[in-house]
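Only one structure is covered here, and it is reproduced in the block below.
The values are calculated or read from the model by the stated rules, or taken from the named source; none is laboratory data. Quantities reported herein were computed from a predicted structural model and do not represent experimental measurements. Positions of Cβ are backbone-derived with ideal geometry, glycine not excepted, and every protein chain shown enters the neighbour counts.
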Amino acid sequence: MKTLNVGMLGCGFMARTHSNAYSQVGHFFDVPFKPVLKCCYGREQDIEVLKKFQQRWGYEEIETDWKKLAARKDIDIIDVVAPNFLHKEMVLAAAAAGKMIICEKPMAMNLDEAEEMVAAVEKAGVANMVMFNYRRVPAISLFKQIIDEGRVGRPFHYRAVYNQDYTISANVPSGGAALWRLSAKAAGSGVTGDLLAHSIDTAEWLNGPIKKVTAYTEVFIKERKNSDTGEMEKITIDDACMFLAVFENGSIGTFESTRYARGRKNYSAMEINGEKGAIAFNLEEPEYLEFFRYSDPDTGKKVEDHLTGWQKILVTNGEHPYMSKYWVPGTTIGYEHTFINALADFLNSSNAGGTGPKFEPDMRQAMRTQKVCDAVIRSAKEGRWVEV
Ligand SMILES: NC(=O)c1ccc[n+]([C@@H]2O[C@H](COP(=O)([O-])OP(=O)(O)OC[C@H]3O[C@@H](n4cnc5c(N)ncnc54)[C@H](O)[C@@H]3O)[C@@H](O)[C@H]2O)c1
């Protein structure tokens, strides 16, 4: 089996989920590569965090200059798990060095950057993907399967919510570990790129392209202390964003995201309502999918049954997506497995030279989400509908 030497460009939250995926993937899936955690990058100022990270996950080496790591001849795959403002530069360097690339979402700060990244990976001809891991929650994969089986029929409504509550206090600083998300210079946008990017990717995967949007964004706390500089800085990213969407298939959608929804930690939920049925999911109960069957997909006739109602499906059976790779029916898997599932699909895909189907989304496909995010931000700024 070929070894796959990993260069991890970051040592924070996502670096942990991705390192775990490389370590675990071969335990559950047949993949044509044996990942080797070769070298991880962190900033000089984060050296102690970097060393601890290396020790915990078993990386052979550390590096404080990501450009050197991206250019190393013995590295096969570059994994971009740094703040958003670094994604473009890192992907361009990795593509120029001919590496396979995994890039975290949002893929870029804006559409212009995303276009440059797609051009670079396509010119270099390197396998690439963007980590929209929620597609690989088994219940969300089942959501897609049920739609594709024609059990929802003509869709009328799609609604998505992605809410958290960790920035309610004015004392939460901006900048530094994890909180670079609150600085426009590091993140590009607020909840739109951070949270709604997931909701948009899933929505377009399940319900097709979004045609136009109209959005409203809010900044509740206007100034925060930047923990890197110690100075107060104006907050310009969107703390909350709500938008209406019209899909190409004629259905209409609502999207809501905030980090001020007291009580909500990582509440990502979605529902579709169609002529023949409806499906609902929420990430606080990730092993369940709810399905409402109105009519039979074959006959199109109403199912005459006094027991008709919402079914709550425990998505742990062998016939459910990904679940045959894990334990036995009735035993659940978790958040970290979505990254393992995504990595397994990528390593087996034709993108990576494997025999499996093409991996989705690659950067060209993920650019769609960037396009919708840009349209949402523009719409909020200009107070009008924007075509995607
Ligand atoms: N797929 C998902 O569900 C998901 C979840 C969280 C984050 N993400 C994405 O992953 C990427 C990394 O996010 P994270 O949560 O791991 O962040 P994090 O703050 O936990 O880690 C960021 C890493 O980048 C390094 N870094 C380099 N330059 C930096 C700078 N100027 N400021 C701060 N850190 C710097 C840090 O040392 C750290 O190792 C982001 O693009 C984010 O949007 C995706």
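Points to keep in mind about this one:
- Residue in segment 146-159 that is within 16 Å of the ligand (Cβ to nearest atom), surrounded by 17 or more Cβ atoms within 10 Å (Cβ to Cβ) and either in contact (Cβ under 8 Å) with a residue 24 or more places away in the chain or over 22 Å from GLY354 (Cβ atoms) (or both) present: no
- Qualifying residue in segment 117-138 (condition: within 16 Å of the ligand (Cβ to nearest atom), of a type in the set (D, E, K, R) and outside any strand (DSSP E or B)): yes
- Any hit, segment 269-291, residues being in the same structural domain as ALA186 (by TED's automatic domain parsing), closer than 20 Å to ALA139 by Cα and out of contact with any strand residue (DSSP E or B) (no Cβ under 8 Å at 6 or more places or on another chain): yes
- GLU61 without any contact (Cβ under 8 Å) to a residue 12 or more places away in the chain and in the same structural domain as VAL126 (by TED's automatic domain parsing): no
- Some residue of segment 133-149 being modelled with pLDDT of 95 or more, within 26 Å of ARG43 (Cβ to Cβ) and touching a helix residue (DSSP H, G or I) at 6+ places or on another chain (Cβ under 9 Å): yes
- For segment 6-43, a residue qualifies if it is surrounded by fewer than 20 Cβ atoms within 10 Å (Cβ to Cβ) and either charged (D, E, K, R) or more than 16 Å from the ligand (Cβ to nearest atom) (or both), and the qualifying residues are ARG16, SER23, GLN24, GLY26, HIS27, PHE28, PHE29, ASP30, PRO32, LYS34, VAL36, ARG43.
- The listed residues are TYR166, TYR216, and the only one of them that is within 15 Å of the ligand (Cβ to nearest atom) and aromatic (Phe, Trp, Tyr) turns out to be TYR166.
- If you go through segment 64-75 and keep only what is surrounded by fewer than 19 Cβ atoms within 10 Å (Cβ to Cβ) and in contact (Cβ under 8 Å) with a residue 40 or more places away in the chain, you end up with ARG72, ASP74.
- Breaking point among (1) under 30 Å from ALA375 (Cβ atoms); (2) in contact with an Asp or Glu (Cβ under 6 Å, 6 or more places away or on another chain); (3) touching a residue at least 60 places away in the same chain (Cβ under 8 Å); (4) not small (Gly, Ala, Ser), for ASP79: (2)
- Complete set of residues in segment 278-321 that are free of Cβ contacts under 8 Å to residues at least 60 places away in the same chain, among the hydrophobic types (A, V, I, L, M, F, W, C) and either more than 17 Å from ILE147 (Cα to Cα) or surrounded by 14 or more Cβ atoms within 10 Å (Cβ to Cβ) (or both): ALA280, PHE292, VAL303, LEU307, LEU314
- Yes/no for ARG384 being in a helix (DSSP H, G or I), within 30 Å of TYR216 (Cα to Cα) and not hydroxyl-bearing (Ser, Thr, Tyr): no
- If you go through segment 12-53 and keep only what is within 18 Å of the chain's Cα centre (by Cα) and not in a helix (DSSP H, G or I), you end up with just GLY12.
- Segment 253-277, subset among the basic types (Lys, Arg) and buried (at least 17 other Cβ atoms within 10 Å of the Cβ), residue farthest from HIS337 (Cα to Cα): LYS276
- Some residue of segment 167-179 being part of a helix (DSSP H, G or I), under 25 Å from LYS358 (Cβ atoms) and assigned by TED's automatic domain parsing to the domain that holds GLU319: no
- Taken residue by residue, segment 170-182 has no member that is surrounded by fewer than 17 Cβ atoms within 10 Å (Cβ to Cβ), under 30 Å from ASN317 (Cα atoms) and away from the ligand (no atom under 11 Å from the Cβ).
- Selection count, segment 64-86, where residues are more than 25 Å from the chain's Cα centre (by Cα) and within 12 Å of the ligand (Cβ to nearest atom): 2
- Criterion (in a helix (DSSP H, G or I) and farther than 15 Å from MET363 by Cβ) met by exactly one of LYS73, LYS67, LYS88: LYS67
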